[in-house]
Amino acid sequence: MEIEQIELLLLEMPYVHFFETSFGREEKKTFILVKVFSGGLCGFGEVTADLLPLYNYETTSTSWVIIKEILVPLLFSKSLSDPIEFHAEAQKFKGHHMAKAGLELALWDLKAKKERRPLRELYGGDKREILSGVSVGIQDEISDLIRRIEDFLKKGYPRVKLKIKPGWDMEVLREVRKEFPQITLQVDANAGYTSGDIDMLEKLDEFDLSMVEQPFPALDLLSHSKLKKRIKTPVCLDESAESLDAVRQAYEMGCFDIINIKVGRVGGVVEARKIHDFCALKAVPVWCGGMLESGIGRMHNIHLATLPNFKLTNDISASQRYFAEDLIEPPVEITNRGTIKVPEGPGIGVTPIEERIKKAARKKEVFTP
Ligand code: OSB
Ligand code: MG
């Protein structure tokens, strides 16, 4: 199977509500959509890099250049179309995981469509539905946050993740716990704290949280291991877990109890599965993180989360939690069991709507061998 054409599109989609983390507030999503064409079929992938290098160093501009100048020429020059072979070849280039993952995901979707099988089956996932949770950003007022949580609970989300940062942490959690003493609650600091905050973070134990995610910068494994020794709340890594090697080192150093797996951050599904398998071997549960993806990237996450060691609730929510109009039909919906059904059709199993893609597109480039 020969790849006949690759398209990159820069898309802009407004969020239904701004999303704020310890590194900033965003009102809209800007991202790259990757399309790969072969034999009348099209595989879709999404690059999770943002406009600004706040979550990690990649941006929509850097990933555009890396895909255009490095990965597309690599793919065409070696006639690559299999995602596993593409991953192996792309690995000789350092970093740029989100750029690599966007193209790899498109190849996975194409492969699954050729074989007329759902992605889940190619990955070896056994779940028919996955656990859906919601990640709630920092708000202007605690009262706004309480109202939003109430709303998400009514919609059926079985667990809530709160974004925290210095100054939006203990007091907020005290209020939230007072209002909702029973809910399954976890927090994510997006690397917002430093080694000097360890004493303070130990007090998170008061709030009966199911985990604290990435309190310290990605490279500060030492602080994570120090905190883990002192806190009962399970520690989860996101930004630090950028490859199997990174996860293995962090494991040896005793940095975590749980891993958040994001396909973009780790550079594709091949690497994500290696991390999944390593964690399974060590009896470390994982869950699938999100980057506020469009329905296309989110469907990829849904299929990945069917693997057996995705034991914890995922940051994968319904389409309407993110966008007034998602790119796919049918949109992602949450069941009354707090789950999301995994589509059984070929590839991602839903249909990207070309008209909506066109409406959101700000830039487009087409590549042929
Ligand atoms: O750290 O999990 C994160 C969104 C953007 C950047 C980083 C993160 C997030 C989320 C969103 O928490 C989760 C979702 O997609 O619903
Ligand atoms: Mg996170």
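What the table shows:
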{"quantity": "Size-normalised alpha-carbon gyration radius of the stretch 81-217, reference 2.2 N^0.38 Å", "calculated": "1.40"}
{"quantity": "For the stretch 121-341, projected area of the alpha-carbon convex hull averaged over all directions, nm²", "calculated": "11.7"}
{"quantity": "Cα-centre dipole for the chain with unit charges at Cβ (Lys and Arg positive, Asp and Glu negative), debye to 20", "calculated": "580"}
{"quantity": "Full-extension gain in nm, Arg25 to Lys203, via 0.36 nm per residue minus C-alpha separation", "calculated": "61.4 nm"}
{"quantity": "Counting all C-alpha pairs of the chain, share separated by more than 35 Å (%)", "calculated": "19"}
{"quantity": "As computed over the stretch 174-267, the Cα convex hull volume per residue (Å³)", "calculated": "93"}
{"quantity": "Net charge, Trp287 excluded, C-beta distance under 13 Å - Lys, Arg +1, Asp, Glu -1", "calculated": "0"}
{"quantity": "Whole-Hz ³J(HN,Hα) from phi, Karplus 6.51 cos²θ - 1.76 cosθ + 1.60, for the stretch 345-354, glycine and proline x", "calculated": "x, x, x, 5, x, 10, 9, x, 8, 4"}
{"quantity": "Residue among Asp151, Asp50, Asp169 with the largest mean-square fluctuation in a Gaussian network model of the chain, springs linking Cα atoms under 10 Å", "calculated": "Asp151"}
{"quantity": "DSSP-defined beta bridges in the chain - what % are antiparallel, rounded to 5", "calculated": "60"}
{"quantity": "Fewest-first sequence of Trp168, Trp108 by Cβ atoms within 10 Å of each Cβ", "calculated": "Trp168, Trp108"}
{"quantity": "Pairs of Lys in the stretch 1-132 closer than 18 Å at Cα, counting only those 8 or more apart or on different chains", "calculated": "14"}
{"quantity": "Estimated 222 nm signal from helices in the chain, with DSSP H stretches of n ≥ 4 weighted -39500 (n - 2.57), rounded to 500", "calculated": "-9500 deg cm²/dmol"}
{"quantity": "Gaussian network model of the chain, springs between alpha carbon atoms under 10 Å - residue of Leu304, Leu244, Leu119 with greatest fluctuation", "calculated": "Leu244"}
{"quantity": "Kirkwood Rh and Cα Rg combined as Rg over Rh, evaluated for the stretch 1-81", "calculated": "1.06"}
{"quantity": "Dipole axis of the stretch 1-44 (+1 Lys, Arg; -1 Asp, Glu on Cβ), positive-most option in Gln5, Phe23, Val36", "calculated": "Phe23"}
{"quantity": "Stretchable slack from Gln249 to Phe93, in nm (0.36 nm times residue separation minus alpha-carbon distance)", "calculated": "54.0 nm"}
{"quantity": "Per-residue Cβ neighbour rank within 10 angstrom, fewest leading, Tyr15, Tyr123, Tyr322", "calculated": "Tyr15, Tyr123, Tyr322"}
{"quantity": "Length released on extending from Glu179 to Ala361, taking residue separation times 0.36 nm less the Cα-Cα span", "calculated": "61.3 nm"}
{"quantity": "Label zone at Leu153, where the point sits 7 Å out along the Cα-to-Cβ direction: the stretch 206-233 residues whose backbone N lies under 17 Å", "calculated": "207-210"}
{"quantity": "Local electrostatic count, Arg356, Cβ distance below 11 Å [Lys/Arg +1, Asp/Glu -1]", "calculated": "-3"}
{"quantity": "Cα pair distances exceeding 14 angstrom across the stretch 228-297, given as percent", "calculated": "56"}
{"quantity": "Most positive-pole-ward Cα, Val284, Ala218, Ala246, against dipole of the chain from beta carbon charges", "calculated": "Val284"}
{"quantity": "Semi-axis lengths (Å, descending) of the ellipsoid that matches the C-alpha gyration tensor of the stretch 258-325", "calculated": "22, 12, 8"}
{"quantity": "Electrostatic dipole magnitude of the stretch 195-302 [Cβ: Lys, Arg +1; Asp, Glu -1; Cα centre; debye, to 20]", "calculated": "300"}
{"quantity": "Proximal lysines to Lys229, defined as alpha-carbon separation beneath 26 angstrom and excluding residues fewer than eight positions away on the same chain", "calculated": "Lys161, Lys163, Lys165, Lys203, Lys262, Lys282, Lys311"}
{"quantity": "Spacing of the two label points (7 Å from each Cα toward its C-beta) at Gln5 and Ser195, in nm", "calculated": "5.5"}
{"quantity": "√(5λ) per eigenvalue of the Cα gyration tensor, the stretch 1-155, largest first, Å", "calculated": "33, 21, 13"}
{"quantity": "Cα lying deepest toward the dipole's positive end in the chain, options Gln91, Pro118, Ser317, charges on Cβ", "calculated": "Pro118"}
{"quantity": "Relative contact order computed over the chain (Cα-Cα under 8 Å; 6+ residues apart), in percent", "calculated": "22"}
{"quantity": "Gaussian network model of the chain, Cα within-10 Å springs - most flexible of Glu129, Glu271, Glu46", "calculated": "Glu129"}
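Laboratory data are not the source of any read-out in this text; all were calculated from the coordinates shown. Only a predicted model underlies this, so the values are computations on that prediction, with no experimental measurement involved. Neighbour counts run over all protein chains shown; Cβ positions are idealised from the backbone, glycine included.
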